[in-house]
Structures are given as structure tokens and as C-alpha cells.
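Peer 1: Attaching a single structure in C-alpha cells format; questions to follow.
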Ligand code: C2E
Ligand code: CA
Ligand code: CA
Ligand code: CA
């Protein structure tokens, strides 16, 4: 709470307009959200090709007393601009590790938990230590955790990012490129950075049924990923036809509303849904 004081002053600048007002009330709300218990983490399952749940992605939710439910697409950028993403990101990481440990305790055979990481969070000096501590606290191995990074972030500071990625990989932590294909689509980093997973962006998956181009792009991403020894995840699978297509294309994991929506941990559907998600 203390750390934000300085930013507040600069925020109420004379150029404040309607958009600025909305943003400032969001910023104010977000400052109290963590301590006020308004932030929680929901989980969306990742399935293998047989429909078994193999992992889950942690997704942040903000139920604001003042603003109602705010989408992460709206508040994450504010959290990034204000630096609040650092404590919030640490909270998500710890929550996700705690939840994986709790599921394992219940006998659930989950391979790993996936956590989204913002650029500002990844570049903070002690990010690797934050990860190490979270794993230690919940007695997890590095391989139990997958961090989802974006191309945008990697391309911002390839050298610094490379060093941290190497440290994380040495711990066994898996590194996924989220929204693959929508960034600057520079492929050179894939030659040098220790990535383990490509997540095909849902815009491609959702275009599969109508667009032969989308089909060939996903096919090419799968081929590229596999040629590099990476796992490929298809996200945003909403229809049985899309599920059949991405399975045919040979992705390792699928994720999407068809087989499982994000929800509270106690509501995760463990049954899997087998063929076609019926
Ligand atoms: P993302 O990492 O690409 O997460 C996937 C988003 O797609 C989630 O939206 C999820 O609810 C949604 N989704 C999953 N399956 C489907 C589907 O079949 N169809 C459609 N249309 N959507 C699907 P959500 O939870 O609103 O999160 C939006 C974005 O906010 C995330 O995109 C991620 O970039 C960011 N985000 C969420 N939680 C965190 C977090 O803890 N830390 C950071 N840094 N970013 C987060
Ligand atoms: Ca993600
Ligand atoms: Ca994504
Ligand atoms: Ca996204």
C-alpha cells in the first residue's frame, strides 16, 4: 500500500479526462483489492488428446466492491502501469502453487499448473527468487510450474530475458509462449531461448472451421513446435469441430470453453469429456 503513494500524486495531473477518471478509480480500487480480498484465482483445465485433465491455467479475477467484476484484460494493463502487477503477480503465483499442492494432496494427478507472467513482473530483479520461494513454500518441483510469457515481452529485452529463462529452466520450470502467432512473430528467439511450449492463439483456433488459411497456419505452428521439440497447446477450443481439428493436427494439449471454463478450484471438472467433448 505504501509503495503507491508517489504514483498517486503524479496521477492526478491537470490533463485528467473521462478516460483518466475511469482509470484512476480503477487504480484506486486495485490498490485496495489485494488486501481487501477482492482478487481471486480461477482455474481452467488443460486436456490431453484423450480428454483427460492434465493441467490447469491460473486466471485472475477481480470482484470489485465499487466497480463490479472487472475483466483482467482491463485491469492487468492498469496493474502493469502502476507497478501493482508485482505484488498481484506474486499473489497469483503463490495461490496457483498452493492450489496445485492442495489438488495433489487430494490425489489429483495434475502434471503442472500454468501461470501468466507480465513483462513488468518478469523483469523485476528478484523474479527468479520469487518463483523459487513459491515452489519451496508449497514443496513443489520446478517441473510442476509452467510460466506463460508473451513474444512482446521477450522481444523487449532479449538478453535479460534469456538469462532469467535459463535460470528458470535450470530449476525445471517450463516456459510457454502465450498467444503464439499474434506478437511480432519474430522466430529468431526460438533458436536461442529455452522455450518448452507454444500456445496457439485462439484467433487461429476459432478460424479453423471457416478458413483454410487458419488451418494451414496451425498446421505450420504444430510442425514448427514439434521440429523444435516443443509441446503445442491449442487454446480457445469452443466447438467439437475445432477439437477434432486440433487433435488431428497433433497438439499435445487443448484448452477452451468446450471442455472446461475457468472456475473456482472446487468446481473443476475432473471427469474429462472424452471424444468430442459431449
Ligand atoms: P490468456 O492468458 O490468453 O488467457 C486465456 C483467456 O481466454 C482467458 O480470459 C480465458 O478465460 C479465455 N478463454 C479460455 N477458453 C476460451 C474459449 O474457449 N473461448 C474464448 N473466447 N475465450 C476463452 P481471461 O481470464 O479473461 O484473461 C484474459 C487475459 O488476461 C489472459 O489471456 C491474460 O493475458 C491476462 N491474465 C489473466 N490472469 C492473469 C494473471 O494472473 N497475470 C497476468 N499477467 N495476466 C493475466
Ligand atoms: Ca495464458
Ligand atoms: Ca493465450
Ligand atoms: Ca490472450
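Peer 1: Can you show me the helix-derived [θ] at 222 nm for the chain, built from DSSP H runs with n ≥ 4 at -39,500 (n - 2.57) apiece and divided by the number of residues, rounded to the nearest 500. Don't skip to the end; give the middle numbers.
Peer 2: Details: 12 runs with 124 residues, N = 278.
Computed mean residue ellipticity for the chain: -13000 deg cm²/dmol.
Peer 1: Can you tell me, using C-alpha contacts under 8 Å and at least 6 residues apart, the relative contact order of segment 43-191 as a whole percent?
Peer 2: On the way: 186 pairs, mean separation 29.0, N = 149.
Normalised by residue count, the contact order of segment 43-191 is 19 percent.
Peer 1: Using every Cα-Cα pair within segment 190-253, state what percent have a distance larger than 19 Å. Provide the component values of the computation, followed by the final result.
Peer 2: Details: 482 of 2016 pairs.
It works out to 24 percent of all Cα pairs.
Peer 1: Treat the count of other C-beta atoms within 10 Å as a stand-in for reagent exposure and order 82, 182, 21 from fewest to most. Present the calculation step by step, with values, prior to reporting the outcome.
Peer 2: Numbers: 82 21, 182 15, 21 10.
Taking fewest neighbouring Cβ atoms as first place, the list is 21, 182, 82.
Peer 1: Here's another thing I want to ask about it. Fewest to most neighbouring Cβ within 10 Å: what's the order for 159, 199? Write out the running numbers ahead of the final one.
Peer 2: On the way: 159 6, 199 29.
Ordered by Cβ neighbours within 10 Å, fewest first: 159, 199.
Peer 1: Pop out the Kirkwood hydrodynamic radius of segment 84-132 from its pairwise C-alpha distances, inverse of mean 1/r, in Å to one decimal.
Peer 2: Details: mean 1/r = 0.0859 Å⁻¹.
Evaluated on segment 84-132, it is 11.6 Å.
Peer 1: How high is the relative contact order of segment 214-278? Use alpha-carbon pairs under 8 Å, at least six apart in sequence, and give a whole percent.
Peer 2: Numbers: 56 pairs, mean separation 19.6, N = 65.
This gives 30 percent for segment 214-278.
Peer 1: Antiparallel versus total DSSP beta bridges in segment 23-151: what percent is that, nearest 5?
Peer 2: Values: 12 of 20 bridges.
Taking every DSSP beta bridge with both residues in segment 23-151, the antiparallel ones total about 60 percent.
Peer 1: To the nearest 10 degrees, how steeply does helix 72-82 sit against the main Cα axis of the chain, on a 0 to 90 scale?
Peer 2: Orientation of helix 72-82: about 50 degrees from the principal axis.
Peer 1: Over the Cα atoms, compute the radius of gyration (one decimal) and Dmax (the largest Cα-Cα distance, rounded to a whole number) for segment 97-163, in Å.
Peer 2: 13.5, 41
Peer 1: Sorting 64, 24, 71 on the 10 Å Cβ count, fewest up front, what's the list? Please report the intermediate quantities before stating the final value.
Peer 2: Numbers: 64 18, 24 15, 71 10.
Final ranking by Cβ density, sparse to dense: 71, 24, 64.
Peer 1: What does DSSP give for the chain in terms of the percent of beta bridges that are antiparallel, rounded to the nearest 5?
Peer 2: On the way: 14 of 36 bridges.
Once the DSSP bridges in the chain are tallied, antiparallel ones form about 40 percent.
Peer 1: Expressed as a fraction of 2.2 N^0.38 Å, the rule-of-thumb size for a compact globular protein of N residues, what is the C-alpha radius of gyration of the chain?
Peer 2: The reported ratio for this selection is 1.03.
Peer 1: Normalise the Cα radius of gyration of segment 127-229 by 2.2 N^0.38 Å (N = residues in it) and let me know the number. It would help to have the intermediate numbers written out before the result.
Peer 2: Details: Rg = 15.2 Å, N = 103, 2.2 N^0.38 = 12.8 Å.
Compactness ratio reported: 1.19.
Bear in mind these aren't lab numbers, they're just calculated from the coordinates by the rules spelled out. In this text the structure is predicted, and so the values were computed from the model without any measurement. Note: ideal-geometry Cβ built from the backbone for every residue, glycine included; neighbour counts use all protein chains shown.
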